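This report refers to the structure that appears directly beneath it.
The values are calculated or read from the model by the stated rules, or taken from the named source; none is laboratory data. Bear in mind the structure is a predicted one, so any value in this text is a computation, not a measurement. Positions of Cβ are backbone-derived with ideal geometry, glycine not excepted, and every protein chain shown enters the neighbour counts. Just the protein is used for accessible areas: all its heavy atoms, side chains included, with ligands, DNA and RNA removed. Shrake-Rupley method; radii C 1.70, N 1.55, O 1.52, S 1.80 Å.
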Amino acid sequence: MSPATADPASSVLPADLKQKIADGDFDAVEDLWLARIEEAPGDLPFFTAAAKAVSKADSETASTLLQLLDDQLVDRDHWRERMALLRQSGRSMFSAAELHGALLETLRELYGEVSSFEPMVEKVGLDKAIEDSAKNWKKAEKLEALLAFDVGTVVEIKGKGVARVAEVNMALESFKVVFDHGMELRVGFGGAGKLLTALPEGHFLRRKIEEPEAMEALRDSDPGGLLGLLLESAGQSLTGAEIKQLLTGLVSPRKWTSWWAAARKHPQVLADPKTKRAYMWAATTEDAHGALWKTFEAADPRTQITMLRRDGERDETLRQQMSAVLALTAQKVHLKESGLAAEIWLNLERAGTLPADDVTWDPRKLLADAEPLQIFSGVDDRVLRERVYELTREVRSDWQDLYFQAMWKENEARSLDRLSAGLEESAPERVGTFFDQLVSQPRKAPPAFVWLVERAADRSEWLGRNPLRLMKQLLFALDHRDFLPFRASRLVHQVDSGGALPRLLDHLSQDQAVSALETVQKSAALEDYQREPLVNAIQLRFPDLHEEKEAPLYATEASIVAKRTELKRLAEEELPENRKAIESAREMGDLRENFEYHAARKRHELLSALAGKLDEDLRRVRPIDASQVSGTEVVIGARVGFEGDGGNRTITILGPWESDPENDVLSSESDLAKTLLGSKVGDTVKLPDGSYTVSSIEPWE
């Protein structure tokens, strides 16, 4: 037989056995077979391959050998191995009826102590159609799957947690599972395999409910050991979020950070190279180091730097190996990738593994010989980049120019703080120049402009440098795509109370105030709830911008109180609730097809209009004073009696809020009321239904 057609199973057979089979020396084969049973009765790959090879020459001998093995497995109570043997070779040893009996015997030995065994055998029909071997094996598989959930079994239920099987109901064909908190759930036999997972003894989730005190002790004494138990039980890598969820009730949120930091340091805990922020468990520390080294060798230099920082402390030999590889990389790339070389040097310095000899990729040498700005941009780690900035001051006489240029490229706020602080010590005018240029061209460096706005909120000298221009550019940035990454997280807060924009108002001149007010009123970047307080603040600071031109609005004290209550409800309840609805809807995604967002905006416009009108009316409202109604002439607040062709009538003149024409209560702003005001007792006036004489004038109340 050529290698291409050789039986793969025969590769497990020793050469002498294959030779005996080829020679037909079956007595010798039987001796070797029995010897193998004594050594390893569970070595089914060997026995299956040998029986298959023998059967090609003598099937009866093969059957006899298999029966010898079967007898030994039964005698030694190796029932699990016997089940596998019956599945693979049962038809070679037994008739269909005999195989059924052997199968049922084996299942009874394996599961006879399970309380639901006999009823479940009947339920799956394993006691019927004994001649149909293929169906019997399917029934046996179903039986084993269902017996895994006997009463008392601890199970994990997908999406719901851990519970115990409390009942196996044959009539309903379902399991009843009960959670610790008392909730019950029924799971049908058909769905049990998909929904339930039986937890073996020692499993993390099982021990969590069965041994809470022991688990708490392990949590405190060996955080890494508890994490290892969890990861081993999971049988796969888990993200930090998944781990935290599984530890709910065991590690409190308040102690999570410190516990997690300690647990991750266990030498057998590894970061999963295939899944971001996921962790796995190595069987031994040596396995962990081997896996780390394999991952390190396959990684790019930036990832290798991260691994050195994260995993270098696990083992001194491992740290030295990682550092040696990175040193070789730095030597190779320092001319073309000076930033990477500098970052490697700084990481090796931090790890205490710098080469003993002076190297060409020392950052000081690179800064002196290479392009510093290229080095700045090539150091990804913020803290190390700031270290490079410090070294620049030591080795470059033109460091001020370099700092100024670096500020246009820097993305990190803390690093910008470091650069600006360095310049302000010796060349404060350079910071002023940077401010002026950046405010003129914010799109040239969006991260720097956002930083400038944030820092300006607490620096009066920056706010006063060019307040109107800064205000306009801030509103521009809020609505421009170049600043989109910063809008929700940083820029929008600069419009709220305490932010840069409200504080800029104190630095505006009278001439600038007019333009500032117009800019705020017309800005598309502001929501109405953001615009209104800014407009009010500008008008409050510059009263001349808000001249009251409206005539007084008259109303009773009761109406004024009611309207003020309504305005307070709008301002303190409905508008804030609607703002939350707008923000929630905005988080849903694309605003163009976001119905909830547009509905919330329309409602906000309506509520804002109502609040604005109420606020305007209340500013010009004047209470109607009944004591001012003398009876000599008709005034607002008078009840006027009339006599005429249509009989006697009474008309009361109050404000627009009390208007009720159907009950003869007129608004003072109505045309008829205006014709009556000033009339005296005895005057003749025209009402819609004829001429009348004023017969009396008295207060309305």
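So, of the residues in segment 406-445 that are over 34 Å from the mean Cα position of the chain (by Cα) and of a type in the set (A, V, I, L, M, F, W, C), which turns out to be farthest from A477 (Cα to Cα)? Please lay out each step first, then the result.
Just the residues of segment 406-445 that are over 34 Å from the mean Cα position of the chain (by Cα), to begin with: 420-441.
Checking which are of a type in the set (A, V, I, L, M, F, W, C) leaves us with 421, 423, 427, 431, 434-435, 438-439.
Numbers: A421: 25, L423: 26, A427: 29, V431: 21, F434: 18, F435: 16, L438: 12, V439: 11 Å.
It comes out as A427.
Given the residues E662, E633, E596, which is the only one that is among the acidic types (D, E), open to solvent by 20 Å² or more (accessible area, probe 1.4 Å) and closer than 22 Å to A558 by Cβ?
Unique residue meeting the criteria: E662.
So which residues in segment 118-136 are part of a helix (DSSP H, G or I) and crowded, with 17+ Cβ neighbours inside 10 Å? Explain how you work it out, then say what you get.
Keep residues of segment 118-136 that are part of a helix (DSSP H, G or I), which gives 118-124, 133-136.
Passing the criteria: M120, V121, K123, V124, S133, N136.
Looking only at residues that are within 23 Å of Y597 (Cα to Cα) and part of a helix (DSSP H, G or I) in segment 521-549, which one is most open to solvent (accessible area, probe 1.4 Å)? Step through it out loud before you land on a result.
The first filter runs over segment 521-549 and keeps only residues within 23 Å of Y597 (Cα to Cα), leaving 521-533.
Checking the rest, the ones that are also part of a helix (DSSP H, G or I) come to 521-522, 528-533.
Working: Q521: 94, K522: 147, D528: 43, Y529: 49, Q530: 13, R531: 40, E532: 71, P533: 71 Å².
Here the answer is K522.
Would it be correct to say that L666 is among the aliphatic types (A, V, I, L, M), free of Cβ contacts under 8 Å to residues at least 24 places away in the same chain and assigned to a strand (DSSP E or B)?
Yes; evaluated as a whole, the condition is true for this residue.
Hey, which of the helices (runs of 4 or more DSSP H) in segment 291-398, taking only ones fully inside, have at least 3 residues that are more than 30 Å from the chain's Cα centre (by Cα) and surrounded by 14 or more Cβ atoms within 10 Å (Cβ to Cβ)?
Details: elements: 301-311, 316-333, 338-351, 363-369, 372-378, 382-395.
Counting at least 3 such residues, we get 316-333, 338-351, 363-369, 372-378, 382-395.
Within segment 237-260, is there a residue that is of a type outside the set (S, T, N, Q), at positive phi and either exposed (fewer than 14 other Cβ atoms within 10 Å of the Cβ) or free of Cβ contacts under 8 Å to residues at least 24 places away in the same chain (or both)? Give the derivation first.
Of the residues in segment 237-260, the ones of a type outside the set (S, T, N, Q) are 238, 240-244, 246-247, 249-251, 253-256, 259-260.
Next, only the ones that are at positive phi stay: 249.
So of that shortlist, the ones also either exposed (fewer than 14 other Cβ atoms within 10 Å of the Cβ) or free of Cβ contacts under 8 Å to residues at least 24 places away in the same chain (or both) come out as 249.
Within segment 237-260, one or more residues are of a type outside the set (S, T, N, Q), at positive phi and either exposed (fewer than 14 other Cβ atoms within 10 Å of the Cβ) or free of Cβ contacts under 8 Å to residues at least 24 places away in the same chain (or both).
Among the residues of segment 501-523, are any under 20 Å from A445 (Cβ atoms) and of a type in the set (S, T, N, Q)?
no
Filter segment 430-445 down to residues that are touching a Leu at 6+ places or on another chain (Cβ under 9 Å) and assigned to a helix (DSSP H, G or I), then give me how many there are.
Qualifying residue count, segment 430-445: 8.
Could you check segment 191-228 and list, in sequence order, the residues that are in contact with a His (Cβ under 7 Å, 6 or more places away or on another chain) and either of a type in the set (A, V, I, L, M) or free of Cβ contacts under 8 Å to residues at least 24 places away in the same chain (or both)?
L227
Quick check: is even one residue across segment 597-613 without any contact (Cβ under 8 Å) to a residue 60 or more places away in the chain and acidic (D, E)?
No, the conditions are met nowhere in segment 597-613.
Within segment 542-586, work out how many residues are polar (S, T, N, Q), modelled with pLDDT of 90 or more and touching a helix residue (DSSP H, G or I) at 6+ places or on another chain (Cβ under 7 Å).
The qualifying residues number 2.
Can you name every residue in segment 137-162 that is under 15 Å from G190 (Cβ atoms), open to solvent by less than 30 Å² (accessible area, probe 1.4 Å), among the aliphatic types (A, V, I, L, M) and in contact (Cβ under 8 Å) with a residue 40 or more places away in the chain?
L146
Anything in segment 150-200 that is in a loop (DSSP other than H, G, I, E, B), over 25 Å from L247 (Cβ atoms) and within 29 Å of the chain's Cα centre (by Cα)? List them, or say none.
Residues satisfying the conditions do not exist here.
Okay, residues lined up against (1) touching a residue at least 24 places away in the same chain (Cβ under 8 Å); (2) under 26 Å from Q437 (Cα atoms):
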residue	(1), (2)
D496	yes, yes
L501	yes, yes
S509	no, yes
S515	yes, yes
A555	yes, no
I560	yes, no
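Tell me which residues, restricted to segment 145-173, are within 28 Å of E211 (Cβ to Cβ) and charged (D, E, K, R).
Scanning segment 145-173 gives D150, E156, K158, K160, R164, E167.
Filter segment 1-14 for residues that are open to solvent by less than 80 Å² (accessible area, probe 1.4 Å), at pLDDT 50 or above and in a helix (DSSP H, G or I) and give the result.
V12
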